[in-house]
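Bear in mind that the values in this text are calculations on the coordinates, not laboratory data. These numbers come from a predicted model, not from an experiment. Here Cβ is always computed from backbone atoms with ideal geometry, including for glycine, and neighbour counts include all displayed protein chains.
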């Protein structure tokens, strides 16, 4: 499908959603000011075709309220967070594409693994074909070659793309960072996705990209007021619950104790204190002691 047509779909959906509900006359006024119109109005027939295309391509239904003569997005048919993420991503992409005149003033995060291998991985996922690649783990001196993976899904975390799938040789699900892969190729061999497998459920009790075979833990954090604002704006995990106190907040979670989680908690410094479980608290204290040891004992002066 033409890229320009997709961008029109995104513009229409984004415009209607931002207004909540909008008449066709008002939508047409905004359309006339957009880059897609060429100064021409949006014909009724074209709008009808776009609505059909949006439903078929994006899975988003644009409904009409006969009482108010307004169009609105029917969110009941959307796949909750995944559909909303897709819409948000495409809207931002469309905005950036149409802002080439001020591109030097739009600063994006660098994602090193996206351009080279992500399209190959996505193609393999689309057709359910196995992948073969070499992998340079940070924990090994030499790269592993000839890894064969059945790619189940991809996930981005901290500016890096990961592919999660079934390692044919090891007979288990593993995670690989695309920036450490090389010699990536799609094999002719096909595979079947496990019945009922859900990426959301696979990472349901996780923060980040690491999982655990242990049971999820009840995790409690004491957070100072300024840091608590960040926790509210961007919850650490869907299970997050807050107890608000005068000079601090208590946040409760149910999730795995993983490396990614500990790294995140350490990044908040003195603004976050682990209350429970005891083993997580001990691990954080141990890491802080090791970090302090790098700077010498108390009273030493930096040289």
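Working from Cα pairs under 8 Å separated by at least six residues, relative contact order for the chain is 10 percent. Axis of helix 80-97 versus longest Cα principal axis of the chain: the two differ by about 70°, to the nearest ten degrees. Full extension of the chain between residue 267 and residue 189 yields a length gain of 23.8 nm, computed as 0.36 nm times the residue separation minus the alpha carbon distance. As a size descriptor, the averaged projected area of the C-alpha convex hull of the chain was calculated at 23.7 nm². Label sites at residue 46 and residue 26, each approximated as a point 7 angstrom past Cα along Cα to Cβ, lie 2.2 nm apart. Once the chain from residue 168 to residue 37 is taken as fully extended at 0.36 nm per residue, the excess over their C-alpha distance is 42.1 nm.
With 26 Å as the cut-off, how large is the P(r) tail for the stretch 122-249, expressed as percent of Cα-Cα pairs? Beyond 26 Å sits 38 percent of the P(r) for the stretch 122-249. Helix 278-293 axis versus longest C-alpha principal axis of the chain: approximately 80°, rounded to the nearest ten. Placing a pseudo-label 7 Å from each Cα along the Cα-to-Cβ vector at residue 105 and residue 200 gives an inter-label distance of 3.9 nm. If R0 is 41 Å, the Cβ-Cβ spacing of residue 159 and residue 61 corresponds to a FRET efficiency of close to 0.75.
Annotation: peptides 104-111, 211-218, ranked by per-residue average of other Cβ atoms within 10 Å with the highest first, follow the order 211-218, 104-111. Calculated mean residue ellipticity at 222 nm for the chain: -11500 deg cm²/dmol, from DSSP H runs with n ≥ 4 weighted as -39500 (n - 2.57), summed, divided by the residue count and rounded to 500. Axis of helix 114-127 versus longest Cα principal axis of the chain: the two differ by about 70°, to the nearest ten degrees.
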